1. Can you name the residue in region 343-384 that is among the small types (Gly, Ala, Ser) and either in a loop (DSSP other than H, G, I, E, B) or touching a strand residue (DSSP E or B) at 6+ places or on another chain (Cβ under 8 Å) (or both) and is also surrounded by the most Cβ atoms within 10 Å (Cβ to Cβ) among such residues?
2. Residues in region 241-261: is at least one open to solvent by 40 Å² or more (accessible area, probe 1.4 Å), assigned by the TED database to the domain that holds residue 300 and hydroxyl-bearing (Ser, Thr, Tyr)?
3. Among the residues of region 45-66, is any of a type in the set (Val, Ile, Thr), under 22 Å from the mean Cα position of the chain (by Cα) and either at pLDDT 90 or above or part of a helix (DSSP H, G or I) (or both)?
4. Looking at region 203-218, which of its residues are open to solvent by 10 Å² or more (accessible area, probe 1.4 Å) and either in contact (Cβ under 8 Å) with a residue 60 or more places away in the chain or on the phi < 0 side of the Ramachandran plot (or both)?
5. Just wondering, is there one or more residues in region 328-342 that are in a helix (DSSP H, G or I), at pLDDT 95 or above, touching a Pro at 6+ places or on another chain (Cβ under 8 Å) and of a type in the set (Gly, Ala, Ser)?
6. Open to solvent by less than 20 Å² (accessible area, probe 1.4 Å) and of a type in the set (Ser, Thr, Tyr): which single residue out of 163, 158, 82 fits that description?
7. Give region 92-130 a look and list any residue that's within 18 Å of residue 196 (Cα to Cα) and open to solvent by 30 Å² or more (accessible area, probe 1.4 Å), or say none.
8. Can you tell me which residue is nearest to the chain's Cα centre (by Cα) among those in region 262-277 that are closer than 23 Å to residue 376 by Cβ and open to solvent by 10 Å² or more (accessible area, probe 1.4 Å)?
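The values are calculated or read from the model by the stated rules, or taken from the named source; none is laboratory data. For clarity, every value in this text was computed on a predicted model and none was experimentally measured. Quick reminder, even Gly has a Cβ in these numbers, built from the backbone with ideal geometry, and neighbours come from all protein chains shown. With ligands, DNA and RNA removed, areas are computed over all heavy atoms of the protein, side chains included. Shrake-Rupley method; radii C 1.70, N 1.55, O 1.52, S 1.80 Å.
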Amino acid sequence: MIDRRTVLGAAAAIPLLPLGRALASPLACPAADRVTLRTARRIDLDAATAADRWADIGHAEDVSAMRGLAQAVMGDIRRKRSWEIAWKVATRAAYGAIYQPFGLYMDESNHLADRIGDHILARSDLAAMQRLYTLSHAGCSTVMAWDRRQGHMVHFRSLDWPSASAIAAASRIYVGHRANREVFAAAGLLGMVGFLTAVKPGFSIAINFAPWRGTSFSLNADPTFLIRRLMESPISTYAQAYQHIKDWRPGAPVFISLCGIAKGEACIFEFGTRGQAHVVAMAEADYLIQTNHFAPGSPFAEHTKPQAADKPWDHQTWDGHAILETSVARWRLLDESLAAAYGSATEFDLMSVLEQAYGRRPLWNCETAQWVGMIPQTGDIHTWVRA
């Protein structure tokens, strides 16, 4: 007999299937610069209502950027009439049967949908879009490394997603406040109530998309929601966060990178569709890398997508490959760059090494929208977006 939760989980994911196809195509793109993101917005965790919680994104430029991102995503869906019809039917069904009665942060999603306006999208559209990241063909490249010069851990990641320009415009540094005190910081996207990348003094965390063959959806919480709940919790150390995350059962396969303060406090949680995560630890190494494929020897290694053939770094033909096809190449480029730096007898600037590597194809690509550097020791976050 088919499990009822499996049926409901599949139903909840149906709206995202045409979206995954719509956003999966590689694009030719011109060169682009990056600019430092300085725009911070407050999330009032003590507020009783969603409107008060998100009151600080009432600026005209925030609403405009939020609408721009919504229009970009909905525009991708509406490129084909069949996708648009499937999306409309499925999102409305899922909203009434699953998202609204059972979903997390639905009051906030509804409030933000109203701010965007129903002439752009319905509440049901945004409820499904809250689950976009882990269920569409997105990409990321993440490094956790020990900075010898500064004596602390660094957590650095790039976000690769279609509609990169709209994502860059909608990027904000969110600062969670409780009792007039800063609790955490996150590199957020206007309209998304969950977090992809966040830090508080003690640890940092980020999501990377994980590929999967076959059905992978469930009614469990989306990973972006799990990260937000973790950042709002009293948990404040790497060890505490590790124990908490290992018991997660996210709603889709995902890679979770967790970074602490001391050298070696870094690991990757590889989550499949059920059961415990496979953990890859930094241990005695100088760095740990995660892109969008499973580690060799992982129990989930068979789900890694076929990879693009090797070619020189920075070669323009990298742009012709879908983001999941360059995962191993992105991992190798980071590994080569970091191995050379750590193997040198001379002192080096870790952030400069990372910035140089992340500026080369295929780490830099048509879908690269955001770069984030985090220092768990202090809770500092530095964000750049596509110009």
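1. Residues of region 343-384 that are among the small types (Gly, Ala, Ser), as a first pass: 343-345, 352, 357, 359, 369, 373, 379.
This time we only want the ones that are either in a loop (DSSP other than H, G, I, E, B) or touching a strand residue (DSSP E or B) at 6+ places or on another chain (Cβ under 8 Å) (or both), so: 344-345, 359, 369, 373, 379.
Details: 344: 10, 345: 4, 359: 14, 369: 25, 373: 23, 379: 19.
For region 343-384, the residue satisfying everything is 369.
2. Of all residues in region 241-261, those open to solvent by 40 Å² or more (accessible area, probe 1.4 Å) come to 242-244, 246-247, 249, 261.
Subsequent filtering for residues that are assigned by the TED database to the domain that holds residue 300 retains 242-244, 246-247, 249, 261.
Now narrow it down to the ones that are hydroxyl-bearing (Ser, Thr, Tyr): 242.
Looking for residues that are open to solvent by 40 Å² or more (accessible area, probe 1.4 Å), assigned by the TED database to the domain that holds residue 300 and hydroxyl-bearing (Ser, Thr, Tyr), one finds at least one in region 241-261, hence yes.
3. Going residue by residue through region 45-66, those that are of a type in the set (Val, Ile, Thr) are 49, 57, 63.
Now restrict to residues that are under 22 Å from the mean Cα position of the chain (by Cα): 57, 63.
Retained after the next criterion (residues that are either at pLDDT 90 or above or part of a helix (DSSP H, G or I) (or both)): 57, 63.
Yes, region 45-66 contains a residue that is of a type in the set (Val, Ile, Thr), under 22 Å from the mean Cα position of the chain (by Cα) and either at pLDDT 90 or above or part of a helix (DSSP H, G or I) (or both).
4. Taking region 203-218 and keeping what is open to solvent by 10 Å² or more (accessible area, probe 1.4 Å), we get 209, 212-218.
Listed by number, the residues that qualify are 209, 212, 213, 215, 216, 217, 218.
5. Let us first name the residues in region 328-342 that are in a helix (DSSP H, G or I), namely 328-342.
So of that shortlist, the ones also at pLDDT 95 or above come out as 328-342.
Those still in the list that are touching a Pro at 6+ places or on another chain (Cβ under 8 Å) too: 329-330, 333.
Filter once more, so that each one left must be of a type in the set (Gly, Ala, Ser): 329.
So far as region 328-342 goes, yes, one or more of its residues are in a helix (DSSP H, G or I), at pLDDT 95 or above, touching a Pro at 6+ places or on another chain (Cβ under 8 Å) and of a type in the set (Gly, Ala, Ser).
6. Answer to the check: 158.
7. Once the filter is applied, which keeps residues that are within 18 Å of residue 196 (Cα to Cα) and open to solvent by 30 Å² or more (accessible area, probe 1.4 Å), region 92-130 yields 104, 105.
8. Within region 262-277, the first condition is being closer than 23 Å to residue 376 by Cβ, and the residues that meet it are 262-271, 277.
Still in the running and open to solvent by 10 Å² or more (accessible area, probe 1.4 Å): 262-265, 277.
Numbers: 262: 24, 263: 24, 264: 23, 265: 21, 277: 18 Å.
Out of the qualifying residues, it is 277.
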